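In what follows, a structure is listed as structure tokens, so that the remarks can point back to it.
The values are calculated or read from the model by the stated rules, or taken from the named source; none is laboratory data. Just so we're clear, the structure is a prediction, and the values are computed from it rather than from any experiment. Cβ sites come from the backbone with ideal geometry, for glycine too, and all protein chains shown count toward neighbours.
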């Protein structure tokens, strides 16, 4: 079975500060991991994904995430927040052996001027 | 079209009525997914279509929910005898090759916001 937990339903940062959105997963097989972003009044779009290649994955808009097997984590980071980063972010897990994609509850990111 | 489209964008209905939600996937995408997004909840998987294979209905919450995909393209999600707890945003996504465990990117539509009074 697989599951994903996003720590913190709301995260608030100042513009220019580090963004850190936490995601921990549980998987009985090697996972594939995703971050999706949902901007206000828009659909979800893929930010980045890990599919068993490099553990540090770079995505769009300066975001990156690192797969840490020992910590079962896939935290999303961005060195410097921009106002346009305000959105809801979803972590998701699937696997290569017939497991459906499971989404986390989401983390809403607020960016203060 | 350029992306996944869904209609209507908003639907308000009375408890007990049936509703139909439509999804037009990206042309050429063989896989289509329906999710439900409730306030404060993550994305709840509902159903998955892949080509001509039998759909994976394991996420449908009750037998009031059903979906079909005609001609491998457009999909309709039907909710019969709607209840207030059905109120949510219903999202459709498609991907090129599919497989629930695929690494293919899912492209999401804007969703249909359903309100059951």
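Looking across the range B:5-37, the residues that are in contact with a strand residue (DSSP E or B) (Cβ under 7 Å, 6 or more places away or on another chain) and more than 20 Å from residue B:57 (Cβ to Cβ) come down to B:5, B:7, B:8, B:9, B:10, B:11, B:12, B:13, B:15, B:24, B:26. The numbered conditions (1) modelled with pLDDT under 95; (2) surrounded by fewer than 20 Cβ atoms within 10 Å (Cβ to Cβ) are all true for residue A:22 except (1). If a residue must be at pLDDT below 85 and either facing another protein chain (nearest Cβ under 7 Å) or in contact with a helix residue (DSSP H, G or I) (Cβ under 6 Å, 6 or more places away or on another chain) (or both), how many such residues does the range A:83-104 contain? Total meeting the criteria: 8. Restricting attention to the range B:71-106 and to residues that are at pLDDT below 85 and away from every other protein chain (no Cβ under 14 Å), the residue that is nearest to residue B:32 (Cα to Cα) turns out to be B:72.
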